[in-house]
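Colleague: Here it is, the structure in full.
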Amino acid sequence: MTLLIAARQLSKTFVLHQQDGLELPVLADVSLEVHAGECVALTGPSGAGKSTLLKALYANYLVQHGTLNILRHGRWIDMARAAPHEIVAVRRDTLGYVSQFLRVIPRVSALDIVAEPLIEQGEERETARERAGALLERLNIAERLWNLPPATFSGGEQQRVNIARGLVAPRPVLLLDEPTASLDAANRAVVVELMREAKARGAALVGIFHDEATRDAIADRLFTVPLARRHTKEIAT
Amino acid sequence: MKPILQVKQLAKRYGDRYGCRDVNFELYEGEVLCIVGESGSGKSTLLATLAGRLAADEGEVTFRDANGDWHELSTLAEAERRRLARTEWGFVTQHARDGLRMGVSAGANVSERLMALGHRHYGQLRATAAEWLEKVEIGAERLDDPPSRFSGGMQQRLQIARNLVTRPRLVFMDEPTGGLDVSVQARFLDLLRRLVHESGVAVIMVTHDLGVARLLAHRTLVMQQGRVVEAGLTDQILDDPQHPYTQLLVSSIVQA
Ligand SMILES: Nc1ncnc2c1ncn2[C@@H]1O[C@H](COP(=O)(O)OP(=O)(O)O)[C@@H](O)[C@H]1O
Ligand SMILES: Nc1ncnc2c1ncn2[C@@H]1O[C@H](COP(=O)(O)OP(=O)(O)O)[C@@H](O)[C@H]1O
Ligand SMILES: [Mg+2]
Ligand SMILES: [Mg+2]
């Protein structure tokens, strides 16, 4: 199977200048490869750096060391070094990210928030909205909500809008940060089905899944994020 | 993809003090870039120097026009600079009175740049102006009203129409939401976001509001005391700021 993600020797330390330059090592020498059609679940205790690793893959967080290659149209792009306009292009057509929480956009309806990634890929507005609606329907978002900005939606509804936005445009690499955390069993099943469909069309998935049932249903393998901080502490003492 | 703007070692002095210095970046087609930083950090100076409204003292700004020809602003004749400003650029100011002609009708404000480009057909100009007043949610029925009768939010939306009507490739904006109430701001930003998406225009916008940058900009430059202290993707700058000053800025906002 084709390799789509090749992250090598990543290190990430947060430097908190507001706290006298306190250093917080989170990732130390982390390497991860993911192939087409494969789903890797990140594991480790809370605070281990699972979300940090996903955000680094998305170029939302910077790393100090290592390479973060994503295959785009047959070419490797190192997300740790690519120019901003290249990262924007990778995110548009290759790399999707379902964040833990929806970031609402004032005045923009749920339907338009979901349709936006398709429009950015060049889809006609009306077609994009139709596909967005179909996905919201699958995720059990009542049609009367589609034209409202999701600011007032419940946590679970916002999360489903967020998932729809992340999955509406078929991208070959998907990063998912606890996509089912506030969903009931029925909606969790829908999300699992959507992720399976993505895998079936050859997408590489990296996810953080808080519940074991979801993880078992979707993940092919587990990847434990090594504890960088404990490691350095042990060395220090 | 090629950049449309290249900025190298740019500096502007006021007397023996620098308004901005050591600025380097490239801007690509359709990119939205925000310049953030506290008051007095040199944002407006940088913007005006980029747009050729102030002459640079050091470094260079090179612009690639629609034909693919490069122009270095400091070597450009004034007439040529004006031609670029009219055909390829737009400039939206914080105070509407600096960017609009308050004495003439809204329609004439929108038509002015078209006329400067040689459009003469009165009916056509009026129709285009009406269409743009609709686009910016002012309404075609206000075509003959002067902007002095408009609210602050409407005036800023009129500036957008007046600038975008000629389909420029690059628009500069200096705190366009600065004087607006929060509720009016949201409407303005929503509209701007949509028009920028639709037209694919590149934008360089000065703002001191990180929330505005989050909403609109692919990229952000953070300025402090005339220098760019941090530059990168907007979400990276806001979620994983590196420079002490950026960390201070980000930690000072409630939520962006
Ligand atoms: N933007 C940030 N700035 C500073 N510290 C951060 C930031 N993001 C995460 N951290 C810290 O990094 C560590 C790992 O966090 P995270 O990746 O969210 O863990 P997990 O997802 O495994 O629970 C935590 O100690 C967290 O406080
Ligand atoms: N015309 C001018 N003459 C002298 N000093 C100026 C002039 N315009 C701005 N400055 C100074 O240059 C610095 C940067 O100003 P400015 O670019 O307006 O900052 P900002 O837009 O970030 O508030 C400030 O110290 C300001 O006082
Ligand atoms: Mg997490
Ligand atoms: Mg200013």
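Colleague: Please state which one of B:Gly200, B:Gly226 is modelled with pLDDT under 95 and on the phi > 0 side of the Ramachandran plot. Don't jump to the end; show me each part of the working.
Modeller: Working: B:Gly226 fails: modelled with pLDDT under 95.
Residue meeting the stated conditions: B:Gly200.
Colleague: Report, by residue number, each residue of segment B:1-40 that is more than 14 Å from chain A (Cβ to nearest Cβ) and either free of Cβ contacts under 8 Å to residues at least 60 places away in the same chain or assigned to a helix (DSSP H, G or I) (or both). Step through it out loud before you land on a result.
Modeller: Here is the first cut: in segment B:1-40, the residues more than 14 Å from chain A (Cβ to nearest Cβ) are B:7-23, B:35-40.
Selection gives B:Val7, B:Lys8, B:Gln9, B:Leu10, B:Ala11, B:Lys12, B:Arg13, B:Tyr14, B:Gly15, B:Asp16, B:Arg17, B:Gly40.
Colleague: Which pairs have Cβ atoms under 7 Å, sit 6 or more apart or on different chains, and link a residue in segment B:136-162 that is at positive phi to one that is aliphatic (A, V, I, L, M) and part of a helix (DSSP H, G or I)?
Modeller: B:Glu137/B:Leu191; B:Gly139/B:Leu133
Colleague: On to the next question. May I ask you to list the residues in segment B:186-196 that are farther than 11 Å from B:Ala217 by Cα and in contact with a helix residue (DSSP H, G or I) (Cβ under 8 Å, 6 or more places away or on another chain)? Working first, answer last.
Modeller: First, the residues of segment B:186-196 that are farther than 11 Å from B:Ala217 by Cα: B:186-192, B:194-195.
Within segment B:186-196, B:Arg187, B:Phe188, B:Leu189, B:Leu191, B:Leu192, B:Leu195 meet the criteria.
Colleague: If the requirement is being of a type outside the set (Ser, Thr, Tyr) and modelled with pLDDT of 95 or more, which of these qualifies: A:Ala186, A:Ala181, A:Ala213? Write out each step before concluding.
Modeller: Working: A:Ala181 fails: modelled with pLDDT of 95 or more; A:Ala213 fails: modelled with pLDDT of 95 or more.
Step by step, each of A:Ala186, A:Ala181, A:Ala213 is checked, and only A:Ala186 is of a type outside the set (Ser, Thr, Tyr) and modelled with pLDDT of 95 or more.
Colleague: Restricting to segment A:104-130, give me the number of residues that are within 13 Å of another protein chain (Cβ to nearest Cβ), surrounded by fewer than 16 Cβ atoms within 10 Å (Cβ to Cβ) and touching a helix residue (DSSP H, G or I) at 6+ places or on another chain (Cβ under 8 Å).
Modeller: 4
Colleague: How about segment B:166-180: which of its residues are among the aliphatic types (A, V, I, L, M) and either within 16 Å of ligand 1 (Cβ to nearest atom) or assigned to a strand (DSSP E or B) (or both)?
Modeller: Keep residues of segment B:166-180 that are among the aliphatic types (A, V, I, L, M), which gives B:170-171, B:173, B:180.
Listed by number, the residues that qualify are B:Leu170, B:Val171, B:Met173.
Colleague: Does A:Ile70 qualify as being surrounded by fewer than 22 Cβ atoms within 10 Å (Cβ to Cβ), in contact with a strand residue (DSSP E or B) (Cβ under 8 Å, 6 or more places away or on another chain) and either within 26 Å of A:Glu197 (Cβ to Cβ) or without any contact (Cβ under 8 Å) to a residue 12 or more places away in the chain (or both)? Walk me through it before giving the result.
Modeller: Details: surrounded by fewer than 22 Cβ atoms within 10 Å (Cβ to Cβ): no; in contact with a strand residue (DSSP E or B) (Cβ under 8 Å, 6 or more places away or on another chain): yes; either within 26 Å of A:Glu197 (Cβ to Cβ) or without any contact (Cβ under 8 Å) to a residue 12 or more places away in the chain (or both): yes.
Against the criterion (surrounded by fewer than 22 Cβ atoms within 10 Å (Cβ to Cβ), in contact with a strand residue (DSSP E or B) (Cβ under 8 Å, 6 or more places away or on another chain) and either within 26 Å of A:Glu197 (Cβ to Cβ) or without any contact (Cβ under 8 Å) to a residue 12 or more places away in the chain (or both)), A:Ile70 does not qualify.
Colleague: For the structure I just gave you, tell me whether B:Thr75 is within 27 Å of B:Glu26 (Cβ to Cβ) and surrounded by fewer than 12 Cβ atoms within 10 Å (Cβ to Cβ). Steps first, please.
Modeller: Values: within 27 Å of B:Glu26 (Cβ to Cβ): yes; surrounded by fewer than 12 Cβ atoms within 10 Å (Cβ to Cβ): yes.
Taking the combined requirement at face value, the residue satisfies it.
Colleague: Check off (1) buried (at least 17 other Cβ atoms within 10 Å of the Cβ); (2) farther than 29 Å from B:Val61 by Cα; (3) within 11 Å of chain A (Cβ to nearest Cβ) for B:Leu180 and give me the number that stays unchecked.
Modeller: Result: B:Leu180 fails condition (3) only.
Colleague: Scanning segment A:26-57 for residues that are more than 20 Å from A:Arg72 (Cβ to Cβ) and either acidic (Asp, Glu) or in contact with a Phe, Trp or Tyr (Cβ under 8 Å, 6 or more places away or on another chain) (or both), which turns out nearest to the other protein chains (Cβ to nearest Cβ)?
Modeller: So the residue we want is A:Thr52.
Colleague: Take the conditions within 16 Å of ligand 2 (Cβ to nearest atom) and either crowded, with 17+ Cβ neighbours inside 10 Å or of a type in the set (A, V, I, L, M, F, W, C) (or both) and apply them to B:Gly30. Does it pass? Can you show your working first?
Modeller: Numbers: within 16 Å of ligand 2 (Cβ to nearest atom): no; either crowded, with 17+ Cβ neighbours inside 10 Å or of a type in the set (A, V, I, L, M, F, W, C) (or both): yes.
It is false that B:Gly30 is within 16 Å of ligand 2 (Cβ to nearest atom) and either crowded, with 17+ Cβ neighbours inside 10 Å or of a type in the set (A, V, I, L, M, F, W, C) (or both).
The values are calculated or read from the model by the stated rules, or taken from the named source; none is laboratory data. Bear in mind the structure is a predicted one, so any value in this text is a computation, not a measurement. Methodologically, a virtual Cβ is constructed for each residue, glycine included, from the backbone with ideal geometry; neighbour enumeration extends over all protein chains shown.
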